[in-house]
Amino acid sequence: MERQLVVCDDLEALGRRAADLFVTLCGEAVTSQGRFSVALSGGETPKALHSQLHSESYRSRVPWSKVFVFWGDDRYVPHDHPDSNYGMARATLLDQVPIPAQNLFPVPTERKDAASAAARYQQTVKGFFDLSEGEQPRFDLMVMGMGEDGHTASLFPDTAALKSSSRVVVANYVQKLDADRITFTFSAINQAAFVVFLISGGSKALALKEVLEGPYQPDRLPSQFVQPKGGKLLFLVDRDAAARLTPRE
Ligand code: 6PG
């Protein structure tokens, strides 16, 4: 696994750098396999990427009909709920670009409970990648965020989902949020060809230092579990998030 850290001046520069990466990886994937599969993240930071991607500078550089969008995680809420990661991506990117509706694969949160939503989503992912039993999907790009507690996707410290290895997608009840989530497992995340963390703000500085420079304690800092086998890992952060990192020569 190749791990890289890039520090951008601010959130806007981070968004531009992430959009450049998206365009590059998309072009490579479409050239080599005729399509680009990407799993988006929730939260606030990815909006910096989304706003660049639908801007005049980038939107025409993406062959949207060949882009296939999944979500690395979502909250177990309706798609029109303010907390929906799918709803956020629609509002901040997907409704502004000419991507066919059939290219979007939201978590089916209309299912009766989080477990059945996760099971159904797992079937959708397996079908898209034509996976056999035990195989994991190889996304061309996984966009990840990181919480102040070191969580990523909906893989929170000391939660059951951290240990799910054979599954692609699981439901995860997060006690501290009193919320049901649906999330890719680390087994799936670590199969990706390229994983990029988008991390911004001083509130993440301590967690980022611990994740990158501290001891390996992934149950406490789940982002440490992200180690794509045969893939690339990029931490794309802004100066505020990087403030506590050991200065590099
Ligand atoms: C979610 C995300 C989550 C997010 C982090 C960071 O569903 O909220 O998947 O893992 O990436 O909480 O969120 P911010 O970008 O808002 O800091």
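A few points about this structure:
- Residues (of a type outside the set (A, V, I, L, M) and either under 18 Å from F194 (Cα atoms) or open to solvent by 60 Å² or more (accessible area, probe 1.4 Å) (or both)) located in the stretch 140-154: D140, G145, E148, T152
- None of P157, P106, P137 is modelled with pLDDT of 95 or more, away from the ligand (no atom under 16 Å from the Cβ), in a loop (DSSP other than H, G, I, E, B) and under 21 Å from V195 (Cβ atoms) except P137.
- Boolean, M146 is touching a residue at least 24 places away in the same chain (Cβ under 8 Å), within 16 Å of D74 (Cα to Cα) and assigned to a strand (DSSP E or B): no
- Selection from the stretch 187-237 of residues that are open to solvent by 10 Å² or more (accessible area, probe 1.4 Å), within 12 Å of the ligand (Cβ to nearest atom) and closer than 19 Å to Q4 by Cβ: S200, K204
- So S32, is it within 21 Å of T124 (Cα to Cα), open to solvent by 60 Å² or more (accessible area, probe 1.4 Å), part of a helix (DSSP H, G or I) and out of contact with any strand residue (DSSP E or B) (no Cβ under 9 Å at 6 or more places or on another chain): no
- Of the residues making up the stretch 10-28, not a single one is open to solvent by 30 Å² or more (accessible area, probe 1.4 Å), part of a loop (DSSP other than H, G, I, E, B) and among the basic types (K, R).
- Residue ID - most open to solvent (accessible area, probe 1.4 Å), chosen from residues in the stretch 80-121 that are of a type in the set (K, R) and closer than 20 Å to V170 by Cα: K112
- Qualifying residue in the stretch 119-134 (condition: within 14 Å of the ligand (Cβ to nearest atom), at pLDDT 95 or above and not in a helix (DSSP H, G or I)): no
A quick yes/no check of all residues on (1) within 16 Å of the ligand (Cβ to nearest atom); (2) touching a helix residue (DSSP H, G or I) at 6+ places or on another chain (Cβ under 9 Å):
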| residue | (1), (2) |
| --- | --- |
| S41 | yes, yes |
| S51 | yes, yes |
| R59 | no, yes |
| W64 | no, yes |
| V69 | yes, yes |
| D73 | yes, yes |
| D83 | yes, no |
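- Qualifying residue in the stretch 66-79 (condition: open to solvent by 20 Å² or more (accessible area, probe 1.4 Å) and farther than 20 Å from A118 by Cα): yes
- Qualifying residues in the stretch 198-249 (those that are part of a strand (DSSP E or B) and among the aliphatic types (A, V, I, L, M)) - the one farthest from the chain's Cα centre (by Cα): V237
- Selection from the stretch 160-185 of residues that are open to solvent by 70 Å² or more (accessible area, probe 1.4 Å), among the basic types (K, R) and within 13 Å of the ligand (Cβ to nearest atom): K176
- One residue stands out among those in the stretch 238-249 that are of a type in the set (A, V, I, L, M) and within 10 Å of L212 (Cβ to Cβ): the one that is surrounded by the most Cβ atoms within 10 Å (Cβ to Cβ), which is A242.
The values are calculated or read from the model by the stated rules, or taken from the named source; none is laboratory data. Here the structure is a predicted model, which is why all the values come from computation and not from measurement. Glycine also receives a Cβ, built like all others from the backbone with ideal geometry; neighbour counts cover every protein chain displayed. To get the accessible areas, we keep the full protein, side chains included, count just its heavy atoms, and leave off ligands, DNA and RNA. Shrake-Rupley method; radii C 1.70, N 1.55, O 1.52, S 1.80 Å.
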